[in-house]
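Reading through the structure tokens given below for one structure.
A short reminder: the numbers here are calculations on the coordinates, not readings from a lab. Computed from a predicted structure; not experimentally measured. Positions of Cβ are generated from backbone atoms using ideal geometry, with glycine treated the same way; all protein chains shown enter the neighbour counts.
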Amino acid sequence: MRNLLIGSAFVSFSLLAAPTLAAADDWDMDADGTITWAEVEETRKRIFETFDKDGDGALDNAEYTAFDEARAAEAESNPTSLAKRAVAGLSRANTDLNLDGRVTRAEMDTAMRAWFDNIDKDGDGVITKGEY
Ligand SMILES: [Ca+2]
Ligand SMILES: [Ca+2]
């Protein structure tokens, strides 16, 4: 269930990570119809570049609140089902794995890796359209 929640929200990360990323297809950075783990890691990097204001490698309470607000604003202005699901799906409940109030790169990595492995049903390390 946890993985499913993360997964449903995951494809909306691109809507949130940066204003320049407007479409879910932006996940697929080389536009070849697949999402690789490298592309997932790139998106995670962008999330931290955008929201980790003090650059300490973790989203603290205030920084995560800004991330929450960005997702809420995105869902408001672009009310796709993916954007709406991202509001709850990417909440601290799903990413702050040790419940210490901060989401580290490692925690985000673990959450996204779990999602990736869950969706990549044939285990070839690549998510193809239809799998997501
Ligand atoms: Ca920080
Ligand atoms: Ca934590």
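Key figures
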{"quantity": "Segment S77-D109, length gained on full extension (0.36 nm per residue, minus Cα span)", "calculated": "8.7 nm"}
{"quantity": "Residue exposure sequence - W37, W115 - by fewest surrounding Cβ within 10 Å", "calculated": "W37, W115"}
{"quantity": "Theoretical gain in end-to-end length, T128 to L97 [0.36 nm per residue, Cα-Cα removed]", "calculated": "8.4 nm"}
{"quantity": "Segment 87-132 - Kirkwood radius from inverse mean 1/r over Cα pairs (Å)", "calculated": "11.7 Å"}
{"quantity": "Segment D54-A38, extension gain: residue separation times 0.36 nm, minus the distance between their alpha carbons", "calculated": "3.3 nm"}
